[in-house]
Amino acid sequence: MTLALQLAVAGLATGSVYALIALGIVLIYKCSGVVNFAQGAYAMLGAYASYVLLSAGLPAVLAVLASMGVMAGVGALTERLVLRPMLKAPVVAVMMVTLGLLICARAACLAVFGPDQIAFPPVFPEGAVSAGGIFVTYNYIAAGILAAVLSLGFLLFYARTPMGLMQRCAADNSRAALAIGIHVSNQVSAAWAMSAALAGLAGTLLATLNGLSLGLADIGMVAFPVVVVGGLSSLEGALVAGLVLGVLQSFTDGLLTPALEDVLRANTGIYSVGALQQVLPYALLVLMLLLRPQGLFGRRGAERI
Amino acid sequence: MSTRRLLLALAVAAVLIALSLLLGRFGAYLVRAVAIAGIGALSLNLLIGYCGQISFAQGALLGVGAYVAGNLGNAGADGVLALLGAGAATAAIGALIGLPALRLRGLYFAIATLAAQAILEYLFKMLEPFTGGVSGLVIRQPAFFGLPVASDQVSAAVSVLVLLITWLALTRLTRTNLGRAFLVVRESEVVAKGMGLDVARTKAWAFAISGFVAGVAGGLIGFAARLASPEAFTLDLSADYIAMIIVGGLGSWAGPLVGAAFVVLLPEAIQRVGEAFDIANLLSALRELAFGLLIILFLIFEPRGLSSLLPRLRWTQRRQTPGAATGFGERAGAAVATKGGERP
């Protein structure tokens, strides 16, 4: 029982980071119809930016905020320079261009920081709390809470503020939004900036948990199953699916895999099922696409001929 | 396919095969790499360029081909048999991956193929008796029709020959009813249904045929590398192949070959330049960066690809034959574009 609780807490922490990245993907998809492969790259770049600023001696809060600011700039710039010229391009071309961005970002970080994992400077105080027989480091608590609060704050911003309303208008019907005087292209840029900033923060949080390496960019690929399970156009869905997938992954890693391996070892010649928790999101994704392609929270759209 | 074109193709192949037999080892290696990549790109072009189904699972499908052909070859099968077996197995897996496409469209299906890629990568690592697990499967080069493939030059010639057969078969295919059905499905599934076409069956055929060709290419990759390991068939490889058909020009038949040559030779060229400037430790980063930048720049500034660039530069007023490269490129783009904002 304590193990399950421990796993659930760890899962919720990583899950809320997934949610943060997935929110960015959904936001970009809603606003510009682009499925952004580069979201993982934003997370990685954000983490490296925080690392550079922290190493330069900035206080943790300032460094993280500044790296989010940098990432917002990067996001807006990619939208202006790369995505804007491709407004009328086929969907495969747009997906490919974001994949190209991911490749470039990874290569740039490889050239500057090298391929090895780097120890991330402490952002949160050292230490841990133990309650009810489980043991959680401050890192996990802080990352989980920060990510969850930011996700919720973002949802509120989107639902309640005037700018959130303008964003929703621009995403829903860009022509109508233009007609009532909303500067749609600025809203799209703003959406990219916000997504990149969120992803940058998520990357920094992930680096505090697992260390800093180029592998951080892979989180973008885990976020796709999250987004589809939640519904490609639903922000709430991304949040819920992120948490659910985080917990499921954690349980798979801690409970299911050892149990499965015991059974297999007793009955067959197979000794390991490998990184089962890494394929689990994709298996769920396939299941979801076959059973309910619009996702948990998505709406089924009408087809235009 | 007119007799003239057939003869032309045969002549080109004869010259290429003769040339690859005369090449040095490095030249033979390059020709083989380009030819194999060309086969894989032709297969993906059938799916994306002709049938409008975006797939990110090409890397994994090539892997399936490599593992199946490797196992068959190691078990003592003839090279031709091993390649055909690899093709058949990969066709089956390709059709399986295509199943969700019967319900999903455009974007959603592309994401489903992403999942297929991840799951197949996992299986490559897990199915140890068949794939050798994480360390990979060592493959012996089998004989073709009982004739041993002794040198890189001969294996380059074999690859060129397979490329030619694939090219002839696929260009012929697009002139059959099935090939035309692919185009209709690409343009609009609703129209295809209205015309009485069986959309599901047409798509299934596209996946199976494309999968077969991918399996053959994968088998050749396995024979050439003498090793099939999970990290050789990742999403990055899928990205390479999509880059090939985009750089070459979507939906044309010359495009994939031009793109394959470009994507394979570019890293080699950068390697040479890098060695000249003595920056060996930055090379892998530089190669990746150049590759990524090229994809981005091509998509922004030359979306119709290299194969449409040449004719436009040289014969701007040239009479367009039906099905000529430039025309298809444009329409392929337009068709996939309309699927952008679609829901499943």
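The values are calculated or read from the model by the stated rules, or taken from the named source; none is laboratory data. If you're wondering where the values come from, they're calculated on a predicted model, not measured in any experiment. In this analysis, Cβ positions are derived from the backbone assuming ideal geometry, glycine residues included, and neighbour counts consider all displayed protein chains.
Which pairs turn up if I take residues in region A:64-92 that are part of a helix (DSSP H, G or I) and look for partners that are buried (at least 19 other Cβ atoms within 10 Å of the Cβ) and of a type in the set (Lys, Arg) with beta carbon separation below 8 Å, at least 6 apart in sequence or on another chain?
A:VAL91/B:LYS339
Mind checking which residues of region B:160-197 are within 23 Å of B:GLY106 (Cα to Cα) and outside any helix (DSSP H, G or I)?
Passing the criteria: B:THR174, B:SER188, B:MET195, B:GLY196, B:LEU197.
Please go through region B:198-250 and pick out each residue that is in a helix (DSSP H, G or I), charged (D, E, K, R), more than 12 Å from chain A (Cβ to nearest Cβ) and touching a residue at least 24 places away in the same chain (Cβ under 8 Å).
B:LYS203
Quick one: B:GLN53 ticks every box in (1) among the polar types (S, T, N, Q); (2) crowded, with 24+ Cβ neighbours inside 10 Å; (3) part of a helix (DSSP H, G or I) bar one, so which box is it?
Here B:GLN53 clears every test but (3).
I want to confirm something. Restricting to region B:80-99 and keeping residues that are within 14 Å of chain A (Cβ to nearest Cβ) and surrounded by fewer than 21 Cβ atoms within 10 Å (Cβ to Cβ), which single residue is nearest to the chain's Cα centre (by Cα)?
So the residue we want is B:LEU96.
Could you check, for region A:264-275, whether at least one of its residues is in contact with a Phe, Trp or Tyr (Cβ under 7 Å, 6 or more places away or on another chain) and part of a helix (DSSP H, G or I)?
Yes: region A:264-275 contains one or more residues that are in contact with a Phe, Trp or Tyr (Cβ under 7 Å, 6 or more places away or on another chain) and part of a helix (DSSP H, G or I).
Whether any residue in region A:25-44 is farther than 29 Å from A:MET166 by Cα, modelled with pLDDT of 90 or more and of a type outside the set (Val, Ile, Thr) is what I want to check.
yes
Restricting attention to region A:259-286, report how many residues are closer than 20 Å to B:GLY106 by Cβ and either more than 7 Å from every other protein chain (Cβ to nearest Cβ) or without any contact (Cβ under 8 Å) to a residue 40 or more places away in the chain (or both).
Adding up the residues that qualify gives 1.
Sort out which residues of region B:103-120 are at the interface with chain A (Cβ under 7 Å from one of its Cβ atoms) and either closer than 17 Å to A:MET96 by Cα or surrounded by fewer than 24 Cβ atoms within 10 Å (Cβ to Cβ) (or both), and write them in order of number.
The answer is B:ARG103, B:LEU104, B:GLY106, B:LEU107, B:TYR108, B:ALA110, B:ILE111, B:ALA112, B:LEU114, B:ALA115, B:ILE119.
Restricting region A:84-131 to residues that are under 24 Å from B:GLN53 (Cα atoms) and among the β-branched types (Val, Ile, Thr), which is farthest from the other protein chains (Cβ to nearest Cβ)?
A:THR98
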